[in-house]
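A quick write-up on the structure given underneath.
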Amino acid sequence: MGLLTKGSPLTWKETVPYVDYIKKHGIAQFINLYHRLRNRQGDQLRWGDEIEYTLVKFDHENKKVTVACRAEEMLNKLQAEEQVNAILGTTNCCLWRPEFGSYMIEGTPGTPYGGLLACFNIVEANMKNRRQVIKKLLKRNEAVMSISFPALGTLGFISPSIKADPNDEDAANSLFFPLDAVFTGHPRFKNLSKNIKSRRGSKVAINVPIYKDKNTKSPYVEDFSGYGARPEDVVDAKPDHIYMDHMGFGMGCCCLQVTFQAVNVDEARWLYDQLTPITPILLALSAATPIFRGKLSNVDSRWDIISASTDDRTPEERGLEPLKDSKWLIDKSRYDSTDCYIYPCSTTYNDIPLQYDEQLYQQLIEGQIDEHLAKHIAHMFIRDPLQVFRERIEQDDEKSTEHFETIQSSNWMNMRFKPPPPDAPEIGWRVEFRPTEVQLTDFENAAYCCFVVLLTRMIISFRLSYLMPISMVTENMKRAQQKDAVLNQKFLFRKGLAACQSAPENLKASGDCHSDGMSTSDIEEMTINEIINGKGDEFPGLISLIRQFLDSADVDVDTRCTIAQYLNFISKRATGEINTLAHWMRDFVGNHPDYKHDSEVNDTIIYDLMVKMNAISNGEEHCTKLLGCYRSKTEHSISSAVRKAEEHMIFQSQKRGH
């Protein structure tokens, strides 16, 4: 979602004179916050998920489905209820925020989940509740779905229907994506699109490889005349690719993210690093986006599409022109995989040359930020602020972090290290796990969220290291997006088990630490199945390690049953016994009587696909190929007996530790 400050947004031209000022003060704000909270200790695990939902409308008579642009209207009602509950002192079961699309709503738990293992049994129930809350506001023939809509940018894809106008500066001159499809209840989203285009010097250019079916034209060259395209509107379109030209094609897709609080800043930095090599594995395992603009692509994920949709690099920064006005040749978009680890002992694996602003780096060093964190922050700050409000330029750097967050929140990486907010004493140092594709059902989304959080608990408990050269993570992110990557790709991964000798609590008071001594011979290519389920005696698999962690904990029967269902589901997704949503969607399209095996997914096919998916997501139909057979025992709350027993166990464990 990002920073939602209100005010009068500046155009890119108006922003340029303030760029250096905002960066300098953003760094000062981070330094002040870091030193104020660096010694914060003892925070308990608190975590939560973010699910982005798509509102759709079915025209059953004409067999067409569109996105319903009613997010602002519905959010007004949802947030009004939040405010009433806050006044009454009533706990909200869920919270609602806007997202990029005028057809999108983001939902989170009303309060974070805690460190009790029994919390894993209430996640799915909360997600079900969220879906029901939205359903109460739907009109006839509308539905809410946790999907990325496969017909974004096709003719008539929004309701009410309006055609895109390439002359519309407010819509970033897109040929396909009208302004009405962008959430305009907050200026952030429209302004980001415009300023990305202005800074870049042209529209964003998204080219996704087309899936070459037996009747697909070769070369595949699309006829854009139905959109009223002029030659200059499609100059960046490539043969054998699906062409898109607006931020909405990336940010208008939905995702699933998990944020969790660490004990202290050291643990947050260490977990950030340990989870980074696992991000491509979850991206492949959750693949759910094979169709773009009503065409079958040769990828299964939205990741590179979002990366291209937010690419504000100038021609010089992209290497298309010699450096003159720009400072750096920048290899990646501001939405991409991270380029560096940030915990001191991890940085021996930073093998990507890191560009960073030397002056800002020196400001951080002089502000007594250690070298490794300083480089991470200074590297983020090679990006310019894209969202500046006229009323918010002058700030108190001791009290605000708004300039810092303006840049931090628009560096969209696979992991995010999140300092505590300056005005929320209950929130500590956090880490956000960002690559997972949103799933069709609440069961699936709960399974992935719980799996990621259980990974953090297992890694901390066993003090394991999954570090490898950061360049290998970048390579794995590319492999993870390929068609049927779960079945067909191999991923660079650390073989065997390695204990991290430099995890936070083992650090000496002097700050000394030691690398775990990994060499390239400790890395091998493994399938997703081998990484998740194990490879004989060579590698136990992530699920096996999670089960070992659970065996050492006192988990109530219902929670253990639910977790077992989630782990079994993840395990079968990894083997291919249960399809990823992307694979299942491809099969549905391939078997549809109207599909001509030419890569074109027409309105009728998309309608039938969405009707089927909606029935599955609502529990009206069960799809064994997609979900397997499961019976979680999710509950809306933790019983007092279970809560008391777990809290007593935690107290005794802490007592023994002292």
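Table for the structure above
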{"quantity": "Cβ-Cβ under 7 Å pairs, at least 6 apart or on other chains, the stretch 318-346 side under 30 Å from Arg269 (Cβ atoms), far side among the aromatic types (Phe, Trp, Tyr) and surrounded by 21 or more Cβ atoms within 10 Å (Cβ to Cβ)", "calculated": "Tyr341/Tyr349; Ile342/Tyr272; Ile342/Phe417; Tyr343/Trp270"}
{"quantity": "Selection count where residues are assigned to a loop (DSSP other than H, G, I, E, B) and of a type in the set (A, V, I, L, M, F, W, C), scope the stretch 92-106", "calculated": "2"}
{"quantity": "Some residue of the stretch 110-121 being in contact with a strand residue (DSSP E or B) (Cβ under 9 Å, 6 or more places away or on another chain), within 29 Å of Lys612 (Cβ to Cβ) and crowded, with 20+ Cβ neighbours inside 10 Å", "calculated": "no"}
{"quantity": "Hey, Arg40 part of a helix (DSSP H, G or I) and either in contact with an Asp or Glu (Cβ under 9 Å, 6 or more places away or on another chain) or under 28 Å from Ala374 (Cβ atoms) (or both) or not", "calculated": "no"}
{"quantity": "Some residue of the stretch 569-584 being among the basic types (Lys, Arg), modelled with pLDDT of 95 or more, within 30 Å of Phe491 (Cα to Cα) and buried (at least 20 other Cβ atoms within 10 Å of the Cβ)", "calculated": "yes"}
{"quantity": "Any hit, the stretch 124-135, residues being within 26 Å of Phe177 (Cβ to Cβ), under 24 Å from the mean Cα position of the chain (by Cα) and buried (at least 17 other Cβ atoms within 10 Å of the Cβ)", "calculated": "yes"}
{"quantity": "Residue identified as among the acidic types (Asp, Glu), within 27 Å of Arg97 (Cβ to Cβ) and not in a strand (DSSP E or B) among Asp325, Asp351, Asp304", "calculated": "Asp304"}
{"quantity": "The stretch 470-501, subset surrounded by fewer than 19 Cβ atoms within 10 Å (Cβ to Cβ) and assigned to a loop (DSSP other than H, G, I, E, B), residue farthest from the chain's Cα centre (by Cα)", "calculated": "Gln501"}
{"quantity": "Sole exception among (1) within 25 Å of Asn614 (Cα to Cα); (2) surrounded by 21 or more Cβ atoms within 10 Å (Cβ to Cβ); (3) touching a Phe, Trp or Tyr at 6+ places or on another chain (Cβ under 8 Å) for Glu142, by number", "calculated": "(2)"}
{"quantity": "Boolean, Gly248 is touching a residue at least 24 places away in the same chain (Cβ under 8 Å) and either closer than 23 Å to Lys190 by Cα or crowded, with 22+ Cβ neighbours inside 10 Å (or both)", "calculated": "yes"}
{"quantity": "Search result, residues across the stretch 177-195 that are of a type in the set (Ser, Thr, Tyr) and surrounded by fewer than 19 Cβ atoms within 10 Å (Cβ to Cβ)", "calculated": "Thr184"}
{"quantity": "Subset of the stretch 557-588 [touching a helix residue (DSSP H, G or I) at 6+ places or on another chain (Cβ under 6 Å), under 19 Å from Tyr211 (Cβ atoms) and assigned to a helix (DSSP H, G or I)]", "calculated": "Trp584, Phe588"}
{"quantity": "Residue selected from the stretch 635-658 under the condition outside any helix (DSSP H, G or I) and at pLDDT below 85, by the criterion surrounded by the fewest Cβ atoms within 10 Å (Cβ to Cβ)", "calculated": "His658"}
{"quantity": "Check on Ser198, more than 22 Å from Arg302 (Cα to Cα), buried (at least 17 other Cβ atoms within 10 Å of the Cβ) and in contact (Cβ under 8 Å) with a residue 40 or more places away in the chain", "calculated": "yes"}
{"quantity": "Residue satisfying condition, being closer than 26 Å to Ile470 by Cβ and more than 22 Å from the chain's Cα centre (by Cα), within set Thr401, Thr347, Thr338, Thr436", "calculated": "Thr347"}
{"quantity": "Pairs with Cβ under 7 Å, 6+ apart, first in the stretch 220-232 and within 13 Å of Ser174 (Cβ to Cβ), second modelled with pLDDT under 95 and β-branched (Val, Ile, Thr)", "calculated": "none"}
{"quantity": "Hits in the stretch 451-469 - residues which are outside any helix (DSSP H, G or I) and of a type in the set (Ser, Thr, Tyr)", "calculated": "Ser465, Tyr466"}
{"quantity": "Boolean, Ser465 is at pLDDT below 95 and either hydrophobic (A, V, I, L, M, F, W, C) or surrounded by 19 or more Cβ atoms within 10 Å (Cβ to Cβ) (or both)", "calculated": "yes"}
{"quantity": "Cross-chain or 6+ apart pairs with Cβ under 8 Å, the stretch 615-627 first and free of Cβ contacts under 8 Å to residues at least 12 places away in the same chain, then surrounded by 13 or more Cβ atoms within 10 Å (Cβ to Cβ) and part of a helix (DSSP H, G or I)", "calculated": "Glu621/Lys612; Glu621/Ala615; His622/Ile616"}
{"quantity": "Output for the stretch 405-450, where each listed residue is farther than 18 Å from Cys340 by Cβ, in a helix (DSSP H, G or I) and either of a type outside the set (Gly, Ala, Ser) or without any contact (Cβ under 8 Å) to a residue 24 or more places away in the chain (or both)", "calculated": "Glu405, Thr406, Asp442, Phe443, Glu444, Asn445, Tyr448, Cys449, Cys450"}
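For every residue, the table says whether it meets (1) in contact with a His (Cβ under 7 Å, 6 or more places away or on another chain); (2) modelled with pLDDT of 95 or more; (3) part of a loop (DSSP other than H, G, I, E, B); (4) within 23 Å of Ala447 (Cβ to Cβ).
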{"position": "Lys77", "(1), (2), (3), (4)": "no, yes, no, no"}
{"position": "Val84", "(1), (2), (3), (4)": "no, no, no, no"}
{"position": "Thr90", "(1), (2), (3), (4)": "no, no, yes, no"}
{"position": "Thr108", "(1), (2), (3), (4)": "no, yes, no, yes"}
{"position": "Gly115", "(1), (2), (3), (4)": "no, no, yes, yes"}
{"position": "Leu138", "(1), (2), (3), (4)": "no, yes, yes, no"}
{"position": "Val144", "(1), (2), (3), (4)": "no, yes, no, yes"}
{"position": "Ser148", "(1), (2), (3), (4)": "no, yes, yes, yes"}
{"position": "Leu152", "(1), (2), (3), (4)": "no, yes, yes, no"}
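The values are calculated or read from the model by the stated rules, or taken from the named source; none is laboratory data. As the structure is a computational prediction, the values presented were derived from the model and not from experiment. Glycine also receives a Cβ, built like all others from the backbone with ideal geometry; neighbour counts cover every protein chain displayed.
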